[in-house]
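What follows is one structure encoded as structure tokens, with my remarks underneath.
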Amino acid sequence: MLRTSFSIALLTILTVFTANLAFASEGEESHSEGGKVNTPEEINEYIDHHLKDSHDFTLFSYGTDPRKHVGFPLPVILIDEGVHFFMSSKFHHGESVAESNGKYYALYHSKVYRTNEEGEINLDEEGHPTNVKPLDLSISKNVVGMLLAGLLLIWGFRSLANSYKKGPIPTGVGRVLEPLVIYVRDEIAKPNIGEKRYRDFSGFLLTVFFYIWLLNLMGMTPLGFNVTGNIAVTVCLALFTFFIVQFNGNRSYWVHIFWMPGVPVIMKIILMPVEVLGMLTKPFSLLIRLFANMTAGHFVVMSLIALTITLKAQFGVVAATGMSFVLAFFISMIELLVAFLQAYIFTMLSALFIGMAVADDHH
């Protein structure tokens, strides 16, 4: 337990220190002088950039002419009158135009658009690009995070399964996973689904719990993953729960939706659209809760770190950095709790919705 607590504290310190270092290096000069961050508007743009998905990993930047970025590129795969494949280093962090098979592409707000050789982006009256947007199937930072989380889960649970072949007590990583697996089974699956059917859905609940938790923890690392802060990812996870509920709903479940028993006919008619709407609001609450909480947490941490820049004029660089580090450290510790809590809530509500769909008719 002591070793685990020390590891969590060390991870948090490393994350906050790296983010502080990045902000400090970005904030020494104005944005117009080498791409550095100095004003409140530029800070907001910097935070927004780090919350979004990207086509490369950027750990930090330094220098002014030219600006140098430390990180590594990722594969870009575009479908635009054929398949275009190249590394994101061609974009040079959005500063250059990438050429592929006679076509030119540029990054605008982390999205790829077809342009001319000069990289011109045409905007409409509302400021939206009018350039052709190819189908982007790139291996982005969030995709890497999801693949890495999936591989880690396969490795962890395979190790747990293999450890049982050696004896009743798991060893290695299995010793860490077993109490959590038992917790999900006994405290989430059984109470909400019931003894008869909980085994049918335990695999899904365990996958969702550990997948979300691991992605949330990865979002606390200096690599800057924000997978669960991507609305498309949370929509996909919520849709899994939605379809599992609908396809496994028994007769009693559908009767309670379309013809509520035990109430007058006029109430049955009134309650029908309300219950149908409830079918949709349940997964919606799942995806919004996860997305909003994780995005808000990252935004608060980055905003506190930004105090290094906004307060340096009043208190000096050292004092401002120290204040932002302490505040961000404590918020990051809370974020570690939220990472677990959001995985627990998503899994608990999924089990509850499934349990309501498969429950026996007591009328």
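Okay, here's what the table says:
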item	result
Test set (1) closer than 26 Å to Gln342 by Cα; (2) at pLDDT 85 or above; (3) in a loop (DSSP other than H, G, I, E, B) - Phe201 fails condition number	(3)
Whichever residue in segment 225-277 is free of Cβ contacts under 8 Å to residues at least 12 places away in the same chain, among the β-branched types (Val, Ile, Thr) and assigned to a helix (DSSP H, G or I) and, among such residues, is nearest to Glu335 (Cα to Cα)	Val274
Given (1) farther than 20 Å from Ile79 by Cβ; (2) surrounded by fewer than 12 Cβ atoms within 10 Å (Cβ to Cβ); (3) more than 28 Å from the chain's Cα centre (by Cα); (4) not aromatic (Phe, Trp, Tyr), index of the condition Gly203 fails	(3)
Options His298, His256: the member that is at pLDDT below 85, under 23 Å from Lys190 (Cβ atoms) and in contact with a helix residue (DSSP H, G or I) (Cβ under 8 Å, 6 or more places away or on another chain)	His256
Verdict on Glu120 being surrounded by 13 or more Cβ atoms within 10 Å (Cβ to Cβ) and outside any strand (DSSP E or B)	no
Answer residue from segment 91-110, given it is charged (D, E, K, R) and modelled with pLDDT of 85 or more and is surrounded by the fewest Cβ atoms within 10 Å (Cβ to Cβ) among those	Glu99
Residues within segment 259-275 that are charged (D, E, K, R) and modelled with pLDDT under 80, tallied	1
Top-ranked residue in segment 231-251 [being among the hydrophobic types (A, V, I, L, M, F, W, C) and more than 17 Å from the chain's Cα centre (by Cα); ranked as nearest to Gln342 (Cα to Cα)]	Phe242
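The values are calculated or read from the model by the stated rules, or taken from the named source; none is laboratory data. Everything numeric in this text was worked out from a predicted model, so none of it was measured. FYI the Cβ positions are ideal-geometry reconstructions off the backbone, even for glycines, and counts take in every protein chain you see.
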